[in-house]
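The values are calculated or read from the model by the stated rules, or taken from the named source; none is laboratory data. Since the model is a prediction, treat every value here as computed from it, not as a measurement. Here the Cβ is made from the backbone with ideal geometry for all residues, glycine too, and neighbour counts use every protein chain on show.
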Amino acid sequence: MALGLLLSACSTVSYYAHVAKGQGELLVHRREVASVIKDPATDPALRQRLALSQQARQFASSHLGLPDNRSYTSYVKLDRPYVVWNVFATPRYSVVPVTHCFLFAGCVAYRGYFSHDRATAEAARLQASGDDVYVGGVPAYSTLGWFADPILSSMMHWDDDELASTIFHELAHQLIYVKDDSAFNESFATFVQEEGLRQWRLSRGLGPQDDRAKAMDDGFTHLVLDLRDRLKAFYASGADEQALAVGKQREIADFRARYAQWRDSQWPGDHRYDAWVASPINNARLLPFGLYDHWTPAFAALYAQAERQWPAFYASVRQLARLPQAQRDQALQRWLDSGVANSL
């Protein structure tokens with residue numbers, strides 16, 4: 001995830017100071033991974049995870065053509081479970097996000113805080129003004145190459161695949177990033193993450209991943225996006241505010257019923273999403289879904305067209321990145337349709 005924290009054109013002085021302080025603390029407290037590994041006081045489990053991270057870091061540059069720099073060669077032990085909390089907001093009867101624009105990252109659908117208290121305070125302010133809000137913790141992010149991003153202790157609870165693939169994802173943001181186009185940026189980085197992980201596992205003599213978790217995740221995401229589409233259509237119906245309030249809750253209740261039917265028919269005994277579905281749902285909570293993979297199949301088709309060669313693939317992606325967004329979306333849609341057709 002590319003964090004929209006740096007140099008906001010419309011931020012308050014207080015937010016600038018908060019961001020500078022948070023990023024500065026990461027820079028001050030980082031230690032070279034090599035030193036942490038050699039330190040006799042380092043927990044053996046942490047030593048093993050950090051060693052694996054450096055193998056993945058080297059693979060990212062030597063095999064995937066990702067930036068060869070100091071990012072993810074240092075380590076920071078945090079005093080909190082997440083490095084950042086993102087605050088998402090929408091109007092009460094809209095699924096269109098409240099966006100925030102930043103000089104380097106462009107406009108994004110959230111605002112990040114290094115402090116949970118500050119994030120929840122901002123969420124409370126937005127909620128008091130009538131918006132739907134959602135606060136989500138972020139274990140890792142990219143500064144798009146402006147700083148040498150460290151490995152964070154919040155990443156250490158992941159399994160080996162997620163640790164390696166997240167490094168691939170964040171380095172992909174450093175390689176190619178288009179301002180004001182989150183769907184493009186995240187889908188591109190997600191493709192690099194997934195294909196990079198496949199090649200990484202192959203290089204280590206490991207078999208293919210178990211696709212069950214991804215298939216279930218894809219199915220659940222489809223259900224959530226369907227709810228978002230239903231709400232969008234309902235909000236555009238012209239109903240009065242009282243009817244909108246009632247209809248909104250009806251759509252959410254119907255979603256919970258569809259989820260239970262889908263889970264019991266296709267994934268009996270698997271309740272991994274039950275807690276999410278049972279928790280309060282509003283428009284803002286739906287925003288992160290689909291952000292990371294809308295165009296991912298299009299990038300897969302583009303990679304196949306480049307004969308699975310990373311330099312040729314990246315050159316094609318850069319050509320897309322230079323297009324105006326409308327033309328870029330049209331081109332991606334053609335690649336998306338091509339990828340779907342070739343999979344049938």
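Summary of values
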quantity: Any chance HIS294 is out of contact with any strand residue (DSSP E or B) (no Cβ under 9 Å at 6 or more places or on another chain) and without any contact (Cβ under 8 Å) to a residue 60 or more places away in the chain; calculated: no
quantity: Scan of segment 38-52 for residues that are surrounded by 17 or more Cβ atoms within 10 Å (Cβ to Cβ) and either modelled with pLDDT under 95 or touching a helix residue (DSSP H, G or I) at 6+ places or on another chain (Cβ under 6 Å) (or both), ordered by number; calculated: LEU50
quantity: Residue within segment 225-241 that is surrounded by 16 or more Cβ atoms within 10 Å (Cβ to Cβ), within 23 Å of GLU162 (Cβ to Cβ) and either within 20 Å of the chain's Cα centre (by Cα) or among the β-branched types (Val, Ile, Thr) (or both) present; calculated: no
quantity: Qualifying residue in segment 190-208 (condition: touching a strand residue (DSSP E or B) at 6+ places or on another chain (Cβ under 6 Å), within 16 Å of PHE59 (Cα to Cα) and in the same structural domain as GLY65 (by TED's automatic domain parsing)); calculated: no
quantity: Any hit, segment 133-156, residues being modelled with pLDDT of 95 or more, more than 20 Å from the chain's Cα centre (by Cα) and either part of a helix (DSSP H, G or I) or under 30 Å from GLY22 (Cα atoms) (or both); calculated: no
quantity: Every residue from segment 189-224 that is among the hydrophobic types (A, V, I, L, M, F, W, C), more than 30 Å from VAL277 (Cβ to Cβ) and surrounded by 20 or more Cβ atoms within 10 Å (Cβ to Cβ); calculated: VAL192, TRP200
quantity: Complete set of residues in segment 269-291 that are of a type outside the set (Gly, Ala, Ser) and touching a strand residue (DSSP E or B) at 6+ places or on another chain (Cβ under 7 Å); calculated: ASN282, ASN283, ARG285, LEU287, PRO288
quantity: Matching option when the condition is touching a strand residue (DSSP E or B) at 6+ places or on another chain (Cβ under 9 Å) and crowded, with 19+ Cβ neighbours inside 10 Å, among ALA123, ALA148; calculated: ALA123
quantity: Flag for GLN266 being within 24 Å of LEU144 (Cβ to Cβ) and out of contact with any strand residue (DSSP E or B) (no Cβ under 6 Å at 6 or more places or on another chain); calculated: no
quantity: Sole exception among (1) in a loop (DSSP other than H, G, I, E, B); (2) under 30 Å from LEU175 (Cα atoms) for ALA315, by number; calculated: (1)
quantity: Residue satisfying all of: in segment 282-312; of a type in the set (D, E, K, R) and assigned to a loop (DSSP other than H, G, I, E, B); surrounded by the fewest Cβ atoms within 10 Å (Cβ to Cβ) among these; calculated: GLU307
